[in-house]
Amino acid sequence: MKEPIRKLDRSTDSGTPKPMRLVVAGLILRHADSAESGTGTTEVLICQRKPDQPMSLKWEFPGGKIEPGETAEEALARELDEELGISATIGRRIAQIRHKYRNGGAIDLQFFVVDQFGGALENRIFNDMRWSPLTALPEYDFLAADLGLIRDLSEGRLL
Ligand SMILES: Nc1nc2c([nH]c(=O)n2[C@H]2C[C@H](O)[C@@H](COP(=O)(O)OP(=O)(O)OP(=O)(O)O)O2)c(=O)[nH]1
C-alpha cells in the first residue's frame, strides 16, 4: 500500500535549523550627579545598529557572539575592546534571556554589569551611541529580545 503524502508542517519545517547563538552583552554603567536633588542617576551606555545591518537602527547593548573556547566574560571583554576600544572589567551577570527571532534564529543572551573600564570610549561600529538614564530606556526602540530586561531596568528591579 502506498504511504499518503504527508503535508509539511510549516511551524517546524522552516528550512535548515539554525544553531542557537550564544551572545553576551554589557551594561556599562556610570553614575551622574544631579545638582538640584543631590541624588545620583544611574546611566547605561546604549548603542544603535547601523542602517545596513539586520534589525537596522534598533538599539542594543554592546556585545556579540561567544567564540569557541571563550568564556562568556572573555567574549564580552573582547567585544567591548573591538566595538568601543575599552578594556573592561566584567562584573556580575544580571540576566539571561532566550529568544527566538521570526527568521528562525534563536539566541541565548547573557547580560553582565560593567562599572569599571580603562581607555576612552570610542564608537567604532555603531550608528549612534549614548548614555541613557535607566528610567528613560523604554523611549528607545530596542531589539525584541531585550524588552523584558529594559522594563526591569527602567522600573529599578535589577540594579
Ligand atoms: N550585542 C547585542 N546583541 C543582541 C542584543 N539583543 C539581541 O537580541 N542581540 C542579538 C543581535 C544579533 O543577532 C546577536 C549578536 O550578534 P553579533 O553582535 O555578533 O552580530 P550581528 O549583530 O552582526 O548578528 P548576526 O547578523 O551575526 O546574527 O544578538 C543586545 O542587547 N546586544
- Could you work out which residue, out of Pro133, Pro51, Pro62, moves most in a Gaussian network model of the chain, that is, has the largest mean-square fluctuation with Cα springs under 10 Å? Pro51
- Charge dipole (debye, nearest 20) of segment 35-105; +1 at Cβ of Lys and Arg, -1 at Cβ of Asp and Glu: 520 debye
- Message: Taking the Cα centre as origin and putting +1 on Lys and Arg beta-carbons and -1 on Asp and Glu beta-carbons, what dipole magnitude results for segment 68-157, to the nearest 20 debye?
- Response: 360 debye
- Item | Anchor Lys65: aspartates and glutamates whose Cα lies under 14 Å away (excluding residues fewer than 8 positions away in-chain) | Glu73, Glu74, Glu79, Asp81, Glu82, Glu83, Asp108
- Note on the structure: The size of the Cβ-based charge dipole (Lys, Arg +1; Asp, Glu -1) of the chain about the Cα centre, to the nearest 20 debye, is 960 debye
- Item | the chain: antiparallel DSSP beta bridges as a percent of all, rounded to 5 | 75 percent
- Message: Can you report the principal axis dimensions of the chain using only the alpha carbons, biggest first, rounded to whole angstrom?
- Response: 83, 33, 30
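Within a 10 angstrom radius of the beta carbon, how do His31, His99 rank from fewest other beta carbons to most? Please list the in-between numbers first.
Details: His31 9, His99 16.
Exposure proxy ranking, most exposed first: His31, His99.
None of the figures in this text is laboratory data; all of them are computed from the coordinates on show. These figures come from a predicted structure and were not determined experimentally. Glycine also receives a Cβ, built like all others from the backbone with ideal geometry; neighbour counts cover every protein chain displayed.
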